[in-house]
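The values are calculated or read from the model by the stated rules, or taken from the named source; none is laboratory data. Please read all numbers here as calculations on a predicted model, not as lab measurements. With ideal geometry, Cβ positions are generated from the backbone for all residues, glycine too; neighbour counts draw on all protein chains shown. The area values use the complete protein model at the heavy-atom level, side chains included, leaving out ligands, DNA and RNA. Shrake-Rupley method; radii C 1.70, N 1.55, O 1.52, S 1.80 Å.
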Amino acid sequence: MNPEDEDKVVSFYDQFADKQEKTGINSRHLSILDKVMGAGLRPDHHVLEVGCGIGTVSSLLARQVPKGKVLAVDISPESISKAKKIWKSQENLSFEVSDMSDFDKGDQQFDFFVFPDVLEHIPVDQHQALFQKVQKHAHQDSVVFVHIPAPRYLQWMIDHEPEKLQVIDQPLDSGDLIKSLNNAGFYLEKMETYSVFFEEKDYQYFVFRSSKPLGKSTPLSKWDILKERIRIRLKYGLIN
(Lines give C-alpha, C1' and ligand atoms only; values in the text may rest on other atoms or scores of the structure.)
Protein backbone atom coordinates (compact mmCIF):
# COMPACT_ATOMS: atom_id res chain seq x y z
CA MET A 1 0.00 0.00 0.00
CA ASN A 2 1.47 3.36 -1.00
CA PRO A 3 1.71 6.14 1.63
CA GLU A 4 -1.24 8.08 0.18
CA ASP A 5 -3.57 5.09 0.28
CA GLU A 6 -2.38 4.17 3.78
CA ASP A 7 -3.16 7.69 4.98
CA LYS A 8 -6.71 7.32 3.63
CA VAL A 9 -7.16 4.01 5.42
CA VAL A 10 -5.81 5.34 8.71
CA SER A 11 -8.05 8.42 8.45
CA PHE A 12 -11.10 6.24 7.80
CA TYR A 13 -10.51 4.06 10.84
CA ASP A 14 -9.66 7.02 13.06
CA GLN A 15 -13.17 8.31 12.31
CA PHE A 16 -14.67 4.82 12.48
CA ALA A 17 -13.53 4.48 16.11
CA ASP A 18 -16.41 6.61 17.39
CA LYS A 19 -18.95 4.37 15.65
CA GLN A 20 -17.35 1.27 17.16
CA GLU A 21 -17.54 2.74 20.64
CA LYS A 22 -21.27 3.46 20.26
CA THR A 23 -21.97 -0.05 18.92
CA GLY A 24 -20.40 -1.88 21.86
CA ILE A 25 -20.44 -5.69 22.04
CA ASN A 26 -22.62 -7.21 19.32
CA SER A 27 -23.46 -10.71 18.07
CA ARG A 28 -20.44 -10.84 15.76
CA HIS A 29 -18.04 -10.13 18.63
CA LEU A 30 -19.64 -12.82 20.78
CA SER A 31 -19.61 -15.31 17.92
CA ILE A 32 -15.90 -14.71 17.33
CA LEU A 33 -15.23 -15.33 21.02
CA ASP A 34 -17.25 -18.55 20.93
CA LYS A 35 -15.43 -19.86 17.85
CA VAL A 36 -12.00 -18.97 19.25
CA MET A 37 -12.84 -20.79 22.48
CA GLY A 38 -13.97 -23.78 20.42
CA ALA A 39 -10.59 -23.75 18.65
CA GLY A 40 -8.88 -24.41 21.98
CA LEU A 41 -8.05 -21.09 23.67
CA ARG A 42 -6.78 -21.79 27.20
CA PRO A 43 -6.51 -19.58 30.32
CA ASP A 44 -2.70 -19.38 30.07
CA HIS A 45 -2.44 -18.60 26.36
CA HIS A 46 -0.72 -15.58 24.87
CA VAL A 47 -2.78 -14.02 22.08
CA LEU A 48 -1.99 -11.60 19.27
CA GLU A 49 -5.06 -9.94 17.80
CA VAL A 50 -4.56 -8.16 14.49
CA GLY A 51 -7.00 -5.39 13.56
CA CYS A 52 -8.46 -4.85 17.00
CA GLY A 53 -10.24 -1.54 16.44
CA ILE A 54 -11.17 -0.13 19.85
CA GLY A 55 -10.59 -3.49 21.50
CA THR A 56 -14.06 -4.98 21.87
CA VAL A 57 -13.01 -8.52 20.92
CA SER A 58 -9.66 -7.97 22.65
CA SER A 59 -11.42 -7.39 25.96
CA LEU A 60 -13.55 -10.53 25.55
CA LEU A 61 -10.46 -12.60 24.78
CA ALA A 62 -8.49 -11.16 27.70
CA ARG A 63 -11.22 -12.26 30.10
CA GLN A 64 -10.73 -15.84 28.95
CA VAL A 65 -6.94 -15.88 29.47
CA PRO A 66 -6.55 -14.70 33.09
CA LYS A 67 -3.16 -16.43 33.33
CA GLY A 68 -2.11 -15.31 29.85
CA LYS A 69 -1.94 -12.07 27.90
CA VAL A 70 -3.52 -10.40 24.87
CA LEU A 71 -1.58 -8.00 22.66
CA ALA A 72 -3.92 -6.22 20.24
CA VAL A 73 -2.74 -4.09 17.31
CA ASP A 74 -4.46 -1.80 14.84
CA ILE A 75 -3.46 0.62 12.08
CA SER A 76 -5.53 3.45 13.60
CA PRO A 77 -3.88 5.58 16.32
CA GLU A 78 -7.29 6.95 17.35
CA SER A 79 -8.69 3.44 17.82
CA ILE A 80 -5.71 2.40 19.93
CA SER A 81 -5.96 5.54 22.01
CA LYS A 82 -9.61 4.81 22.75
CA ALA A 83 -8.90 1.14 23.46
CA LYS A 84 -6.24 2.00 26.04
CA LYS A 85 -8.71 4.21 27.89
CA ILE A 86 -11.76 1.94 27.64
CA TRP A 87 -10.02 -1.25 28.77
CA LYS A 88 -7.33 0.18 31.06
CA SER A 89 -8.54 -1.94 34.00
CA GLN A 90 -7.61 -5.21 32.23
CA GLU A 91 -4.00 -5.72 33.25
CA ASN A 92 -3.39 -8.64 30.86
CA LEU A 93 -4.49 -6.62 27.82
CA SER A 94 -2.20 -4.22 25.91
CA PHE A 95 -2.56 -2.26 22.69
CA GLU A 96 -0.14 -1.02 20.03
CA VAL A 97 -0.41 0.90 16.76
CA SER A 98 0.84 -1.32 13.94
CA ASP A 99 -0.07 -2.34 10.40
CA MET A 100 2.05 -5.48 10.99
CA SER A 101 4.60 -4.48 8.34
CA ASP A 102 6.89 -3.32 11.17
CA PHE A 103 5.82 -5.92 13.73
CA ASP A 104 8.82 -7.56 15.40
CA LYS A 105 8.81 -8.88 18.95
CA GLY A 106 12.11 -10.70 18.68
CA ASP A 107 11.84 -14.21 20.08
CA GLN A 108 8.37 -13.67 21.56
CA GLN A 109 5.86 -16.32 20.49
CA PHE A 110 2.07 -16.44 20.63
CA ASP A 111 -0.27 -19.38 21.13
CA PHE A 112 -3.17 -17.82 19.21
CA PHE A 113 -3.30 -15.31 16.36
CA VAL A 114 -6.77 -13.84 15.92
CA PHE A 115 -7.89 -11.97 12.78
CA PRO A 116 -11.42 -10.69 13.58
CA ASP A 117 -12.84 -9.46 10.26
CA VAL A 118 -9.72 -7.61 9.21
CA LEU A 119 -8.18 -9.51 6.28
CA GLU A 120 -10.89 -8.30 3.90
CA HIS A 121 -9.68 -4.77 4.60
CA ILE A 122 -6.02 -5.53 3.81
CA PRO A 123 -4.97 -5.72 0.12
CA VAL A 124 -4.55 -9.37 -0.86
CA ASP A 125 -1.02 -8.77 -2.17
CA GLN A 126 0.02 -7.97 1.41
CA HIS A 127 -1.37 -11.15 2.98
CA GLN A 128 1.66 -13.35 2.36
CA ALA A 129 4.03 -10.90 4.07
CA LEU A 130 1.57 -10.60 6.95
CA PHE A 131 1.44 -14.35 7.47
CA GLN A 132 5.22 -14.54 7.35
CA LYS A 133 5.23 -12.16 10.35
CA VAL A 134 2.82 -14.55 12.05
CA GLN A 135 5.06 -17.52 11.27
CA LYS A 136 8.05 -15.76 12.83
CA HIS A 137 6.17 -15.42 16.12
CA ALA A 138 4.53 -18.87 16.11
CA HIS A 139 5.56 -22.17 17.69
CA GLN A 140 4.72 -25.76 16.78
CA ASP A 141 1.33 -25.66 18.54
CA SER A 142 0.21 -22.16 17.51
CA VAL A 143 -3.28 -21.57 16.14
CA VAL A 144 -4.33 -18.96 13.57
CA PHE A 145 -8.02 -18.04 13.77
CA VAL A 146 -9.50 -16.08 10.85
CA HIS A 147 -13.01 -14.60 10.74
CA ILE A 148 -14.20 -12.87 7.56
CA PRO A 149 -17.44 -11.95 5.78
CA ALA A 150 -18.60 -14.79 3.55
CA PRO A 151 -17.38 -13.85 0.03
CA ARG A 152 -20.78 -14.34 -1.65
CA TYR A 153 -22.49 -12.20 0.94
CA LEU A 154 -19.86 -9.46 0.79
CA GLN A 155 -20.21 -9.40 -3.00
CA TRP A 156 -23.95 -8.90 -2.55
CA MET A 157 -23.18 -5.95 -0.26
CA ILE A 158 -20.83 -4.48 -2.86
CA ASP A 159 -23.51 -4.78 -5.54
CA HIS A 160 -26.49 -3.58 -3.48
CA GLU A 161 -25.37 -1.65 -0.37
CA PRO A 162 -21.86 -0.31 -1.03
CA GLU A 163 -22.48 2.71 1.21
CA LYS A 164 -22.36 0.40 4.23
CA LEU A 165 -18.88 -0.92 3.44
CA GLN A 166 -15.50 0.26 4.69
CA VAL A 167 -12.74 2.00 2.75
CA ILE A 168 -11.36 -1.39 1.58
CA ASP A 169 -13.84 -4.27 1.58
CA GLN A 170 -12.95 -7.16 -0.74
CA PRO A 171 -14.38 -10.69 -0.96
CA LEU A 172 -11.59 -13.14 -0.17
CA ASP A 173 -11.10 -16.35 -2.08
CA SER A 174 -10.96 -19.20 0.43
CA GLY A 175 -8.51 -21.16 -1.70
CA ASP A 176 -6.08 -18.25 -1.90
CA LEU A 177 -6.35 -17.68 1.86
CA ILE A 178 -5.64 -21.33 2.61
CA LYS A 179 -2.71 -21.36 0.17
CA SER A 180 -1.17 -18.24 1.75
CA LEU A 181 -1.32 -19.75 5.21
CA ASN A 182 -0.04 -23.10 3.93
CA ASN A 183 2.96 -21.25 2.52
CA ALA A 184 3.51 -19.74 5.96
CA GLY A 185 3.60 -23.15 7.62
CA PHE A 186 -0.02 -23.69 8.69
CA TYR A 187 -2.65 -26.24 7.67
CA LEU A 188 -6.43 -25.85 7.65
CA GLU A 189 -8.09 -27.81 10.43
CA LYS A 190 -11.61 -26.39 10.18
CA MET A 191 -13.65 -23.97 8.09
CA GLU A 192 -17.34 -23.07 8.29
CA THR A 193 -19.67 -20.62 6.57
CA TYR A 194 -22.46 -19.66 8.94
CA SER A 195 -25.09 -17.06 9.85
CA VAL A 196 -24.66 -14.22 12.35
CA PHE A 197 -27.11 -11.54 11.20
CA PHE A 198 -28.62 -12.98 8.00
CA GLU A 199 -30.08 -16.30 6.88
CA GLU A 200 -27.84 -16.26 3.80
CA LYS A 201 -24.76 -17.18 5.89
CA ASP A 202 -22.89 -13.92 6.14
CA TYR A 203 -19.63 -15.01 7.81
CA GLN A 204 -16.87 -17.60 7.62
CA TYR A 205 -14.25 -18.72 10.08
CA PHE A 206 -11.08 -20.76 9.65
CA VAL A 207 -8.90 -22.56 12.16
CA PHE A 208 -5.30 -23.15 11.11
CA ARG A 209 -2.59 -24.97 13.04
CA SER A 210 1.17 -25.19 12.59
CA SER A 211 2.10 -27.86 10.07
CA LYS A 212 4.24 -29.97 12.36
CA PRO A 213 4.62 -33.67 11.45
CA LEU A 214 2.42 -36.13 13.31
CA GLY A 215 4.34 -37.83 16.09
CA LYS A 216 2.04 -40.82 16.45
CA SER A 217 -1.14 -42.52 15.26
CA THR A 218 -3.73 -43.13 18.00
CA PRO A 219 -6.70 -45.38 17.11
CA LEU A 220 -10.09 -44.55 18.56
CA SER A 221 -11.48 -47.12 20.95
CA LYS A 222 -13.83 -49.73 19.46
CA TRP A 223 -16.54 -48.35 21.74
CA ASP A 224 -16.14 -44.79 20.39
CA ILE A 225 -16.33 -46.07 16.80
CA LEU A 226 -19.39 -48.19 17.62
CA LYS A 227 -21.17 -45.26 19.31
CA GLU A 228 -20.69 -43.14 16.20
CA ARG A 229 -22.03 -45.92 13.95
CA ILE A 230 -25.09 -46.28 16.19
CA ARG A 231 -25.66 -42.51 16.24
CA ILE A 232 -25.69 -42.32 12.44
CA ARG A 233 -27.91 -45.39 12.09
CA LEU A 234 -30.42 -43.98 14.57
CA LYS A 235 -30.37 -40.55 12.91
CA TYR A 236 -31.24 -41.97 9.49
CA GLY A 237 -33.49 -44.85 10.57
CA LEU A 238 -31.06 -47.59 9.60
CA ILE A 239 -31.66 -49.79 12.62
CA ASN A 240 -33.28 -53.08 11.47
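Report, to the nearest whole %, how much of the accessible area of segment 88-211 belongs to carbon and sulfur atoms, 1.4 Å probe, protein only.
On segment 88-211, the fraction of accessible area on carbon and sulfur atoms equals 47 percent.
Along the charge dipole of the chain, which of 135, 214, 24 sits closest to the positive end, that is, farthest toward it, with unit charges on the beta carbon of Lys, Arg, Asp and Glu (+1, +1, -1, -1)?
Sorting the options by dipole projection puts first 214.
Quickly rank 206-217, 141-152, 169-180 as a protection proxy: mean count of other C-beta atoms within 10 Å, highest first.
Put in order of decreasing packing, that is 141-152, 169-180, 206-217.
Given a 1.4 Å probe, how much area per residue of segment 70-185 is accessible, in Å²?
47
Heavy atoms only, 1.4 Å probe, whole protein assembly: order 157, 37 by accessible area, highest first.
Values: 157 25, 37 70 Å².
The most accessible residue leads, giving 37, 157.
First select every other residue whose beta carbon is under 13 angstrom from the beta carbon of residue 117; then total the charges, Lys and Arg +1, Asp and Glu -1.
Local net charge: -3.
How large is the dipole of the chain about the Cα centre if only Lys and Arg carry +1 and Asp and Glu carry -1, each at its Cβ, rounded to the nearest 20 debye? Before the final figure, lay out the partial values.
Numbers: 30 positive and 36 negative charges, 362 e Å.
Taking the Cα centre of the chain as origin, the dipole is about 1740 debye.
So what's the net charge close to residue 180: Lys and Arg +1, Asp and Glu -1, counting the other residues with Cβ under 12 Å from its Cβ?
-2
How much net charge surrounds residue 211 when only the other residues with a Cβ under 12 Å from the Cβ of residue 211 are counted, with Lys and Arg +1 and Asp and Glu -1?
Overall, the nearby charge balance is 0.
Do any of 179/212; 136/179; 69/136; 105/133; 85/133 go past 20 Å between their Cα atoms, and which? Intermediate values should be presented prior to the final figure.
Values: 179/212 16 Å; 136/179 18 Å; 69/136 18 Å; 105/133 10 Å; 85/133 28 Å.
Too far apart for the 20 Å limit: 85/133.
Students often check this: by mean Cβ neighbours within 10 Å, which of 120-126, 65-71 ranks highest, and how do the rest follow?
65-71, 120-126
So if R0 is 25 Å, what FRET efficiency would residue 189 and residue 234 give, r being the distance between their Cβ atoms, rounded to the nearest 0.05?
0.35
Where both partners of a DSSP beta bridge lie in the chain, what percent of those bridges are antiparallel, to the nearest 5?
Counting DSSP beta bridges with both partners in the chain, the antiparallel share is about 45 percent.
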